[in-house]
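So the structure is just underneath, and the comments pick up after that.
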Protein chains: 2
Amino acid sequence: MNANAPTSRSAEIPLILAAIELFGRNGYAAVSTRALSERAGTNVSSIKYHFGGKKELYRAAIVYVTEQVKPRIEFAMAALTQARSLAGDDPALQARLIKQLIDNLLKFFLGSEDIPHFMPLVMREFLIPGPYFETFYEALPRRLHELFCELVAMVEGSDPQDETTILRAHALMGQIMIFHVARPVLFARMNWDSYTPERIDNITHQVQQLVLSALQLTDPDVESS
Amino acid sequence: MNANAPTSRSAEIPLILAAIELFGRNGYAAVSTRALSERAGTNVSSIKYHFGGKKELYRAAIVYVTEQVKPRIEFAMAALTQARSLAGDDPALQARLIKQLIDNLLKFFLGSEDIPHFMPLVMREFLIPGPYFETFYEALPRRLHELFCELVAMVEGSDPQDETTILRAHALMGQIMIFHVARPVLFARMNWDSYTPERIDNITHQVQQLVLSALQLTDPDVESS
DNA sequence: TTTATTCAATCATACGTTTGATTTATATAA
DNA sequence: TTATATAAATCAAACGTATGATTGAATAAA
C-alpha cells in the first residue's frame, strides 16, 4: 500500500487542479470538458469515470479547495479565541490583534500563496453563487465572518450575534476584500499589473490605520503626534 | 414622423434589455443567442441583423448601461465640486457631504432603482473584466473612484492623486461595495433574502459612522455622549 | 482471472451563424 | 388618395461546429 503511488486514481487530482484553474479563470459555462481533460493530461472520459460529469467535477474542485483552506481558518479561529482571553480589555492588545488579522487576510487574499491558483474560484463562488454555494459557504466565508464579528464585538463590547455588530464587521471586511475583488479597477487606476510585496505592505498599513481609527483604537506601535 | 414609432428598429432595445438581464444574471458564455432572442421576443437572426453577433450585442449592452449611468455620475461630480468650495475647512460640512455620498451610493448599489436590472451586468464587468472593460472603466468606475478620492483628499488635506490617498479611498469604498458584492454571504449570514428599505437605512447609518470615524470626523448630526 | 483505469471513436444535442424568402415601412409619382 | 418602387426588418429553416456524455475495446494492476 504505497500511499503516494501515482498509478491508481492518478487522473483525479490533475483534473481537480485543472478545474480550479480553468473554472476559476473563465467560469463554469465557458470551460469545456475537453479543455479540462487536455489541461489535466487525461482523456475526456475520465471526467465521467472519476466524478460522473462536468458538474460533479466542479463540485469536487470546490470541496477540494474548501478542505485545503479550512484548517487555516480553524487555526486562526483557535488562535483568536486564545488571544481574546489574553487581550481582555487592553486596547493596545486588541489593536495588535486586529492589525495582525488584517495583515494575514491581505496576504491571504492578495499574496501569491502556496496553493497558488484557487483564489479566483473561491471568489467566483463568493460573488456569484453556484449550485454548491452552501457547501462552500458553511466552510469558509461563514467562519471568516464569525471571526471578524468576534473581534469587532470584543473591541466594542457588543454581542457578536447582534445585527449591528455583524453589519459593522461586514463593512470593515469590505476594506480588505475590495483589494481582491475590485483588482481590475484599482490596477487600471494605478497602472499596476500585479500586487508586489511593497504594495501589499502599503495597502496593509493603510487598511490597518483606517480600521483602527474606525473602531476608535489608537495604534500602539506608533507614538501619537 | 412619429418619434416613438415602435415600427422600425423595434428589436434593438428589447435585445439590449434582454442582454443586460441575461448576461448579468448568468454571464456571457452561459447565455445563448436563442435565449436572448426568445427573451426579447424576436427572431435569432435579428442579433446578426442589428448588432453583427453575440459579442457585439454584449458590447452594445455595456455601452447602453454606461450611457444610462454616466449622467448621474457627472451630476454627482459637479455637485461635489461645487460643495467642495463651500465645505472648505469646515469639518461639519465635510462630514455631511460624506454622509450624503454614502447614502446615495448605497441606495444606488443596493436599492431597486428606476433602471432596474443593470447592476449585475455592471458588477460582472467590474469584477471579471470582459473584452470591453476599457469602454466601461473609463465611463464609470474611474469617475466614481476619482469622486471618492477628491473627498478623502479634501478631509485629510492631501493630494487626490497620491498613492496613499487613492488606496485609502479605495479601502473606504470597499465598505460600501461589499454590501453589493458579497450579498450572497451577508444574506446567508442574516437569513435575509432582500435588502428592505429599513435594512438599507441601518447599513447606511453604520457605514456612515465607520467612515466618519475612520476619517477622524465627528457626526455633526449626533451630539457626542 | 478479476478489477480498475485509460483511450479513440461515436452519439445526440445545443451552439452561433447564415440563408433566402417574406413581411412591413417609407418614399415617390400619378 | 391610390399605386408602385425601394429599403428595412423579421422569420423559419438549415449550416457546420463544439459540446457533454457514452461506448466498447485496450491496457494495467492485483
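Sorted by packing (mean other beta-carbon atoms within 10 Å per residue), highest first, where do A:75-88, A:140-153 land?
A:140-153, A:75-88
Per-residue mean of other chain beta-carbon atoms within 10 angstrom of the beta-carbon, peptide B:119-130?
3
Return the single residue from A:Tyr195, A:Tyr49, A:Tyr58 with maximal mean-square fluctuation; model: Gaussian network over chain A, springs between Cα atoms under 10 Å.
Looking only at A:Tyr195, A:Tyr49, A:Tyr58, the largest GNM fluctuation is found for A:Tyr49.
Is there a quick way to get the dipole size of chain B? I mean about its Cα centre, with the Cβ of Lys and Arg at +1 and of Asp and Glu at -1; what is the value in debye to the nearest 20?
For this selection, approximately 1160 debye.
Could you work out the mean count of beta carbons from other protein chains within 10 Å of each residue's beta carbon in B:184-194?
Per residue, the number of nearby Cβ atoms from other chains is 5 on average.
Given 0.36 nm per residue, what is the gain on full extension from B:Arg72 to B:Ser45 after removing their alpha carbon distance, in nm?
Extending this stretch completely gives an extra 6.3 nm.
Taking the Cα centre of the protein assembly as shown as the origin, how large is its charge dipole in debye, to the nearest 20, when only Lys and Arg (+1) and Asp and Glu (-1) carry charge on their Cβ atoms?
Computed charge dipole of the protein assembly as shown: roughly 2280 debye.
Please report the orientation-averaged projected area of the protein assembly as shown, defined via the convex hull of its C-alpha atoms, in nm².
So the Cα hull casts an average projection of 26.7 nm².
What residue among B:Ala19, B:Ala95, B:Ala29 shows peak mean-square fluctuation when chain B is described by a Gaussian network model with Cα springs under 10 Å?
B:Ala29
Of A:Gln100, A:Gly130, A:Met119, which is farthest along the charge dipole of region A:76-150 in the positive direction, counting Lys and Arg as +1 and Asp and Glu as -1 at C-beta?
Most positive-ward Cα: A:Gln100.
Excluding same-chain residues fewer than 8 positions from B:Lys99, which lysines have a Cα within less than 29 Å of its Cα?
Within reach: A:Lys99, B:Lys70, B:Lys107.
Between region B:56-104 and region A:156-211, how many Å separate their Cα centres?
Region B:56-104 and region A:156-211 have Cα centres separated by 22 Å.
Counting Lys and Arg as +1 and Asp and Glu as -1, each charge on the Cβ, what is the dipole of region B:96-199 about the Cα centre in debye, to the nearest 20?
So the dipole magnitude of region B:96-199 works out to roughly 420 debye.
How about region B:47-117: which GluC sites (Glu not before Pro) there lie in a loop by DSSP and see at most 16 other Cβ atoms within 10 Å?
B:Glu113
Using a Förster distance of 25 Å, how high is the FRET efficiency between B:Ser158 and A:Lys107, based on the Cβ-Cβ distance and rounded to 0.05?
Once rounded, the FRET efficiency stands at 0.40.
If you take all C-alpha pairs in chain B, what percent of them are over 31 Å apart?
When every Cα pair of chain B is considered, 32 percent fall beyond 31 Å.
Can you give the mean number of other chain Cβ atoms that lie within 10 Å of the Cβ atoms in peptide B:206-218?
Mean partner-chain Cβ count within 10 Å for B:206-218: 4.
What's the local net charge at A:His170, with K and R +1, D and E -1, over the other residues with C-beta under 13 Å away?
It works out to a net charge of +2.
Every number here is computed from the coordinates shown, using simple stated rules; none is lab data. Small disclaimer: the values here were computed from a predicted structure and weren't measured. In this analysis, Cβ positions are derived from the backbone assuming ideal geometry, glycine residues included, and neighbour counts consider all displayed protein chains.
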